[in-house]
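Asker: Starting off with a structure, shown below.
The values are calculated or read from the model by the stated rules, or taken from the named source; none is laboratory data. Nothing here was measured: the structure is a model prediction, and the numbers come from that model. Positions of Cβ are backbone-derived with ideal geometry, glycine not excepted, and every protein chain shown enters the neighbour counts.
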Ligand code: ASP
């Protein structure tokens with residue numbers, strides 16, 4: 001049900017969606033106050049749309065934990081005043097931001113929907129209008145009881161509403177830029193928007209939203225490849241204060257069985273680094289009991305990332321270390337789904 005009396009806060013962080021062409025055809029960010037000029041359809045919505053923007057909009061390549069904290073602050077500061085939040089964001093790191101926000105905004109009982117576009121909103125063939133207009137509509141959808149229909153951090157892109165921490169950017173050119181390989185989409189927009197109510201993440205009963213700001217960025221991603229040398233792998237052992245490594249392995253969590261490789265991984269674990277095994281495959285899950293190579297990693301103390309995306313793995317580790325948990329507590333939390341980021 002569309003709530004026409006609702007209000008949405010539209011937050012512009014930067015990215016292609018907010019660009020227009022200047023006289024020479026070069027792309028530049030437009031004044032967000034002029035949004036109505038480029039998207040006159042906004043006037044036809046009966047609900048209220050207020051806008052706020054980063055004072056310096058960024059290409060999403062410049063996103064970082066400080067900017068995520070800024071988004072959390074904007075949402076916390078305005079939480080009571082709005083029924084939903086739509087964040088306009090560059091596509092390049094949108095899956096990382098959606099993952100991070102899914103952990104930082106605990107017990108969310110309102111929608112936070114990230115969207116953007118592959119073509120600037122000022123271009124005739126832009127995909128930005130469609131993405132923006134439908135994301136806004138989803139942000140004011142209510143249940144028959146009058147509560148928000150979506151109560152989690154999502155990405156809406158090219159007709160699909162996806163759980164934010166399950167998404168990956170899959171295409172640099174195509175309008176279908178995101179996919180959620182290991183979890184079904186939460187809604188599909190055609191002539192009607194069809195929601196999967198059964199799949200929506202819901203806040204704990206009786207709980208209130210909690211806003212987290214601290215993330216610990218001492219996390220590395222190590223992607224293995226055939227021919228990787230011991231020197232390259234070992235370089236990670238020398239990173240000061242490194243807390244966790246997302247080890248991107250093959251298939252179901254396999255890695256070389258050569259002794260030099262296992263010795264380096266063992267050294268990391270002895271140093272107290274949490275090593276999380278995440279598959280390089282776009283879909284499917286790590287199962288370290290399937291092959292000998294995986295079993296060796298498990299014996300050394302490498303943890304399974306199950307079917308988590310690399311983006312969500314990085315965000316979850318930063319979040320858990322940011323909470324100041326012990327390594328033992330973090331190992332337990334990595335086996336659990338906090339906001340639907342893994343299938344358990
Ligand atoms: N480089 C841009 C960004 O991520 C691309 C985009 O917006 O789609 O900010």
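Asker: Out of the range 2-26, which residues are in a loop (DSSP other than H, G, I, E, B), farther than 21 Å from residue 44 by Cβ and modelled with pLDDT of 90 or more?
Answerer: 13, 14, 15
Asker: Out of curiosity, is residue 134 out of contact with any helix residue (DSSP H, G or I) (no Cβ under 9 Å at 6 or more places or on another chain) and either within 12 Å of the ligand (Cβ to nearest atom) or part of a helix (DSSP H, G or I) (or both)?
Answerer: Yes.
Asker: Let me ask you something else. When you look at residue 121, is it over 15 Å from residue 211 (Cβ atoms), in a strand (DSSP E or B) and touching a residue at least 24 places away in the same chain (Cβ under 8 Å), yes or no?
Answerer: Against the criterion (over 15 Å from residue 211 (Cβ atoms), in a strand (DSSP E or B) and touching a residue at least 24 places away in the same chain (Cβ under 8 Å)), residue 121 does not qualify.
Asker: On to the next question. Looking for whichever is within 16 Å of the ligand (Cβ to nearest atom) and at pLDDT 95 or above here; the options are 83, 92, 77. Which one fits?
Answerer: 92 is the lone residue from the list that is within 16 Å of the ligand (Cβ to nearest atom) and at pLDDT 95 or above.
Asker: Kindly check whether there is at least one residue in the range 25-33 that is under 28 Å from residue 166 (Cβ atoms) and touching a residue at least 40 places away in the same chain (Cβ under 8 Å).
Answerer: no
Asker: Here's a follow-up. Can you spot a residue in the range 228-241 that is in contact (Cβ under 8 Å) with a residue 12 or more places away in the chain and closer than 30 Å to residue 76 by Cβ?
Answerer: yes
Asker: For the range 167-222, enumerate the residues that are assigned to a loop (DSSP other than H, G, I, E, B), buried (at least 17 other Cβ atoms within 10 Å of the Cβ), touching a helix residue (DSSP H, G or I) at 6+ places or on another chain (Cβ under 8 Å) and touching a residue at least 40 places away in the same chain (Cβ under 8 Å).
Answerer: The answer is 167, 182, 183, 212, 215, 216.
Asker: Same structure again: For the range 48-64, what are the residues that are out of contact with any helix residue (DSSP H, G or I) (no Cβ under 8 Å at 6 or more places or on another chain) and either more than 14 Å from the ligand (Cβ to nearest atom) or in a loop (DSSP other than H, G, I, E, B) (or both)?
Answerer: 48, 50, 55, 56, 59, 64, listed by residue number.
Asker: Report, by residue number, each residue of the range 76-107 that is more than 24 Å from residue 176 (Cβ to Cβ) and either assigned to a loop (DSSP other than H, G, I, E, B) or out of contact with any helix residue (DSSP H, G or I) (no Cβ under 8 Å at 6 or more places or on another chain) (or both).
Answerer: Answer for the range 76-107, where residues must be more than 24 Å from residue 176 (Cβ to Cβ) and either assigned to a loop (DSSP other than H, G, I, E, B) or out of contact with any helix residue (DSSP H, G or I) (no Cβ under 8 Å at 6 or more places or on another chain) (or both): 76, 77, 78, 79, 80, 81, 82, 83, 106, 107.
This table checks each residue for (1) within 16 Å of the ligand (Cβ to nearest atom); (2) closer than 17 Å to residue 134 by Cβ.
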position: 1; (1), (2): no, yes
position: 17; (1), (2): yes, yes
position: 41; (1), (2): no, yes
position: 68; (1), (2): yes, no
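Asker: So, one more: Considering only the range 96-110, I want to know if a residue exists there that is within 12 Å of the ligand (Cβ to nearest atom) and farther than 23 Å from residue 312 by Cα.
Answerer: no
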